[in-house]
1. How many residues does segment A:79-88 contain that are open to solvent by 10 Å² or more (accessible area, probe 1.4 Å) and more than 7 Å from chain C (Cβ to nearest Cβ)?
2. Please count how many residues of segment B:41-66 are open to solvent by 20 Å² or more (accessible area, probe 1.4 Å), in a loop (DSSP other than H, G, I, E, B) and either within 19 Å of B:ALA105 (Cα to Cα) or out of contact with any helix residue (DSSP H, G or I) (no Cβ under 9 Å at 6 or more places or on another chain) (or both).
3. Just give me the residues in segment A:351-373 being in contact with a Lys or Arg (Cβ under 8 Å, 6 or more places away or on another chain) and facing chain C (nearest Cβ under 10 Å), in sequence order.
4. May I ask you to verify whether C:LYS220 is surrounded by fewer than 24 Cβ atoms within 10 Å (Cβ to Cβ), touching a residue at least 40 places away in the same chain (Cβ under 8 Å) and more than 23 Å from C:LYS291 (Cα to Cα)?
5. Of these, A:ARG91, A:ARG152, which one is closer than 21 Å to C:CYS96 by Cβ and surrounded by fewer than 24 Cβ atoms within 10 Å (Cβ to Cβ)?
6. Hey, could you check segment A:253-281 for residues that are closer than 18 Å to A:LEU113 by Cβ and within 7 Å of chain C (Cβ to nearest Cβ) and say which is nearest to the chain's Cα centre (by Cα)?
7. Provide a single number: the residues in segment C:194-205 that are modelled with pLDDT of 85 or more and open to solvent by less than 20 Å² (accessible area, probe 1.4 Å).
8. Wholly within segment C:448-502, which helices (runs of 4 or more DSSP H) include no fewer than the required count, namely at least 3 residues that are touching a residue at least 24 places away in the same chain (Cβ under 8 Å)?
Amino acid sequence: MRYLPQTNAARKEMMDSIGVKNVDDLFIQVPKKAFIKGKTNLPDHQGELQIERKMLAYANQNINAQSNRFFLGAGVYYHHVPSSVDYIIQRSEFLTAYTPYQPEIAQGTLQYLFEFQTFIAQLTGQEVANASLYDGATAMAEAALMAMRVTRRNKICFGNDIHPQYCEVTETYLKNNDGNSYTVTEDPSKITDDTACVIIQSPDFYGKPHSYSDWRKACDEKGALLVVVINEIVSLGMLAPPTEADIVCGEAQSIGVAMSYGGPHLGFFACREKFIRQMPGRVCGETVDADGNRGFVLTLSTREQHIRREKATSNICTNQGLCALAFTVHMALLGENGFKQLAVLNHERACELADALIAIDGVSLKNQHFFNELALQLPQGKNAGDIVQQLADDYGIIAGYPADDRTILITATEITTDNGIKALANALQEVL
Amino acid sequence: MSTVKYTNDHEWLKIEGDTAWVGITTYARHALGDLVYLDLPEVGRKVVKGDDFAVVESVKAASEIYTPVSGEIVEVNDNLQNNLDDLKEDINTGWIVKVKMDNEAEAADLMDKSAYDSFVEGLE
Amino acid sequence: MTNLAPLNDNIEDTMEINDRTRGLNYDETLLFEKEFTDTPGVDLPAAKGIKSRTGQKTREKIGIHQVSEPQVVRHFVRLSTKNYSIDSGFFPLGSCTMKHNPRINEKVARLPGFAHVHPLQPASTVQGALAVMYELQNWLAELTNLPGVCLTPSAGAHGELAGVMTIRKAHQEQGNGHKNIMLVPDSAHGTNPATAAMCGFDIRVIPTKETGRVTVEAFKEALGDGKDVAGMMVTNPNTCGLFETDIAEIVDLLHQAGGYFYCDGANFNALVGKIRPGDFGVDVMHINLHKTFSTPHGGGGPGSGPICVAESLKPYIPSPIVVKDGDDYRLEQDGERPTSCGRLKGYQGQFGMHVRALTYMMSHGADGLKQVSEDAVLNANYIHAMLKDDFHAPFEGPVMHEALFTEKYQKENGVTTLDIAKGLIEYGMHPMTVYFPLVVNGAMLIEPTETESKEELDRFIAVMKKLASDARNGETEKFHNYPVSAPVRRLDELKAAREPKLRYKKDAA
């Protein structure tokens, strides 16, 4: 078995040194009933060739975005990742490194985390950022919890159309303590002195970009925090950064990270400097070593659970290390002009897609303003879920997400082609 | 004439009339090592005996500081935030908060200096 | 013939080099400190100039840096040379299970049919992905003998949260609101009480100091009459590397009191393929795919922490899980299982890590996984036996997959656990886990894993013996200077915490 270097001779020598006859003597404290007896239902070991064939068979059963017409977004986006990214993240010293708790031999990891935090702060227009969280949904939940800690209040307000799964996850986290609650309202005058924070997503779940001055005013009046959630980070190449917000968080998967059927992705979290000691997750800081040379370390870890235990600010142990590296490499390749141009290309494709779609009889766009995601309203009597299924089954097109009975969220990115748009428009025309 | 009392969580109190000045003792200060941050409460906060009202952080640990008496925090020593070295057992400058006590009897039950010193000796 | 300029031996050639690059040791600046290039490291098609429909003014300047592709590649390759990794050498971090990360896992995860698939695609278009998850659910159920499996949690701590939330939901549904206490040993990793607190539980601590294990007496005292006890969170093998010998009796008492046993699966490498937690009374357990099942640590993530539960807790686990309808796979619908404790994460989990873990399981198979736990335990016991004369071992062997020592002998000469750790760095090895568990002073927790040969173990033992010998000889100053050969010397963590500088700013001093 290829991953087990011990030889039988070595095993025997070691057992002699320990003073036992066979390895089961080392397990004497385990109750007999807990040992596996005989064979399980699991197969024995297999070589690489057999496994590759089996897994390839599974993979080939899936309609993938690379080889098929693809228009699905709704919080996870298919963008082109430059080749260098994958080669960098597969370097042994990045792939198989541990969390940088021994900073002297982890300056590679720590420096890229510092660069990642810098990029996130720059993109979001905020002062500081952490070294990433699991995903956008948990990032939003953590923002809500942080706002509750900072304001010592226990009500959250969802202020516009936010990704339903993000709301579900936040609700799950809130439910753990009675006394927490949430409201849903688009009216800034409705927030109260009990409101810890207002959460706004931009672009929202239906693709519409938002601005924040009304909410900022309402939050200032009531002492609540303003949290902005972004799940298409490429939009920050064209849209104004949410500098009015106290916390900006969301999903950065669009840059550097594959869709991978839902994970791993890359949550990001940024906020104002005055809140850094309340910020959840790992954070990397600059310092000097014993010779006075610059170095980096994980810092402010006293907020984390392995030290504060019951009083921890959250129970996040992990950041998304390698995904954060992929993001950092991709952003480094894009740079100022590349990132802005990428955003413009996304938007232009969406404009072309929009024009092609509204030419179809009976459909309309819910929003006249969008970044790269359109909310297509279907004619009466047509069901969005059925249409999406039919387009997949009969045309092999992944057309979008049925956000509700009559709305499909359809996304264009820089990978969308003229032929793809034509194919979708024609197919839709036929099924409607 | 003020009295000084001690708790077995290593806080000291200087009692002046109905107000208690609260700080931490040399033993606690030593145990914490190099300090990086002090999280202070707001003036006006009501506390109950045993509540944690502040957190002091060193690089590897964070410790709550508990109030030995119930009452209202009437003054906070903001100077400490930028002068962490002043956080020590000095009944004039090392106080963290001043608490207007609800029940002065709570303070009376605490240890005096010699009892506290014996307590510390027992720990070592 | 041209007149050459006269040779002047007095001219000093003093071209200054202002970095510390020597040999293959690179002094690499921040990306942002390089010169801004005219064009970026990507070539994108030109924009068509279509009028914007965002409804907002287009952002003009972001302020991010720009360099070419060769510069980017060189920058990150140089950074990588400053990292230690499992591929570089021995990585004996206790409780972390730093085993070899097979590359076939990476190759398979990158197949377009896995990498370029969207979580919200209709089930009919992703049957292969769902089949992979379903098969992984089965493997985990078989290996633990806990039939209810949820793959959504993103990491170990997240899996813990899922497990404790499941317990909370189970009690809520049974009308046990009064059961609000979680029993946790003092040796537990900090995430355990943090998780319990996040779920609204209060903690009662079970002391373990003298024996390193939870004794029946200590447990009984913490349990009391059991009326308010919702469950207990125990790692088994525990954080001292020992199997909890009294676990059967303790679990009986707990179950009689109506509590559930949450087992932290961080140490599953000692049991995998040989022993099943469901068979010693565990009700819910999280598994760290990035520990026991070889998915790479990636410098701090991504991980994956699925949970496995006993039959009685199946209704309450988070959603969605993968189910099979006849021959077709699908995810549970919203609201399909109303007793679930809820959704913990967007979509259905870290699928990329599921693929890697399943590939690993298939590589080892049932026979290989049994050998994994046996070799892991053998390797740890070998280290325990060989080092217990030089380092203080607080508890008697046999140990399971990790060995615990303390700084007691070295402290006599002023050498601490931290110094030993930095000494290991000096000798080209990653330190063991230090200062955890908290139940002993100056803990050193060593987990070699099964992917180390005797040769590697012997080198580690030799280095540790040398460090112990240097400490005995009073070479304290040498220790306080370690490491001298790493890319940087010891770092000022106090400065980092007092004056947090968390990002690059161009005008910063």
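The values are calculated or read from the model by the stated rules, or taken from the named source; none is laboratory data. None of the values given here were measured: they were computed from a predicted structure. Cβ atoms come from the backbone with ideal geometry, glycine included; neighbour counts cover every protein chain shown. Heads up: the accessible areas ignore ligands, DNA and RNA and are worked out on the full protein's heavy atoms, side chains in. Shrake-Rupley method; radii C 1.70, N 1.55, O 1.52, S 1.80 Å.
1. Adding up the residues that qualify gives 6.
2. The number of residues fulfilling the criteria is 8.
3. Once the filter is applied, which keeps residues that are in contact with a Lys or Arg (Cβ under 8 Å, 6 or more places away or on another chain) and facing chain C (nearest Cβ under 10 Å), segment A:351-373 yields A:CYS351, A:ALA354, A:ASN367, A:GLN368, A:HIS369, A:PHE370, A:ASN372.
4. no
5. Just one listed residue meets the conditions, A:ARG91.
6. Selected residue: A:PRO264.
7. 4
8. Output list reads C:454-472, C:476-481.
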